[in-house]
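Bear in mind that the values in this text are calculations on the coordinates, not laboratory data. In this text the structure is predicted, and so the values were computed from the model without any measurement. All Cβ positions, glycine included, derive from the backbone under ideal geometry; neighbour counts span all protein chains shown.
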Amino acid sequence: MRTIGGVALAIFDLDNTLIDRAGAFRRWAEGFAAGCELGAGEVDWLERADGDGYTPRERLVAAILERYGVRVPVERLRAELVECVEVDPVVPRRLDELRAAGWKVAVATNGATAQQWAKLRRTGLDAHVDAVAVSEEVGAGKPDLRMFVAAAERCGERLTAETWMTGDCPVRDVGGARSAGLRTVWLHRGRRWEHGEPGPDEVAGDIAAAFDSLCRLAGGVSTP
Ligand SMILES: [Mg+2]
């Protein structure tokens with residue numbers, strides 16, 4: 001394996017990168033709609049209200065209360081969403097391959113500490129990474145440099161030009177990492193890059209393709 005300036009370090013976003021957060025919300029919305037005997041179109045409304053997870057939870061539950069007259073406590077929503085999270089089996093396997101090849105692997109995720117850790121434990125991903133940084137406990141969220149520094153330091157490493165950040169958010173993941181001097185893989189999720197140049201170093205259609213890019217470009221483990 002080729003590394004420049006020390007151990008190769010790969011930092012990953014969690015939601016809609018290592019785990020299918022959008023799928024988890026849709027499963028939750030389908031269950032909620034069925035429980036309330038709502039029309040099928042309401043699942044789409046709930047997805048729009050969720051804003052891909054970026055709508056503040058208090059605002060989301062207020063919108064649900066206003067539309068359906070159903071009070072969903074934020075903590076219950078968070079717990080139920082965790083129950084809906086699934087992980088593609090390729091993810092832990094590819095993380096293990098990276099680490100077996102000498103990489104350090106970290107997660108840098110924005111969100112509430114308890115909920116993000118609950119997702120990691122439910123999927124078992126906590127056993128397949130060297131370190132985790134959650135914005136709530138770091139005290140800053142991506143794209144803030146402190147998140148990337150925290151992820152590296154918790155691996156016993158520092159950020160270098162050979163550190164890779166993989167994520168789906170153009171601003172928080174790619175923009176933040178580029179500002180920190182890192183190399184980037186962007187999961188496009190069907191979107192075009194419309195956030196100026198230079199764009200990400202690599203664009204991937206799914207997490208498996210993102211792992212392929214990391215391995216190919218950084219000279220890491222070969223793909224099976
Ligand atoms: Mg994400």
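Here is how the numbers come out for the structure above:
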item: Three semi-axes of the equivalent ellipsoid, the stretch 124-208, Cα gyration tensor, whole Å, largest first; result: 21, 15, 12
item: Ellipsoid equivalent to the chain - semi-axes via the Cα gyration tensor, in Å; result: 32, 17, 17
item: Of R67, R189, R76, the one that fluctuates the most in a GNM where the chain has Cα springs shorter than 10 Å; result: R67
item: For the stretch 1-121, radius of gyration divided by Kirkwood radius, i.e. Rg to Rh on alpha-carbons; result: 1.09
item: Computed [θ] at 222 nm, deg cm²/dmol, the chain (DSSP H ≥ 4; -39,500 (n - 2.57); rounded to nearest 500); result: -12500 deg cm²/dmol
item: D_trans [Stokes-Einstein, Kirkwood Rh over alpha-carbon pairs] for the stretch 21-83, 37 °C, 0.692 mPa s, µm² s⁻¹; result: 285
item: Candidates A180, A33, A209, ranked by Gaussian network fluctuation over the chain, Cα under 10 Å, top entry; result: A33
item: Sequence-separation-based contact order of the stretch 81-159, relative, with Cα cut under 8 Å and 6+ spacing, percent; result: 30
item: Between the stretch 35-63 and the stretch 124-188, the Cα center-to-center distance that results, in Å; result: 29
item: Extreme residue, positive dipole direction of the chain, given options F32, V72, A152 (C-beta unit charges); result: A152
item: Qualifying GluC sites (Glu not before Pro) in the stretch 112-185, DSSP loop, other Cβ atoms within 10 Å at most 14; result: none
item: Within a Gaussian network of the chain (alpha carbon springs, distance under 10 Å), most fluctuating of R192, R78, R21; result: R192
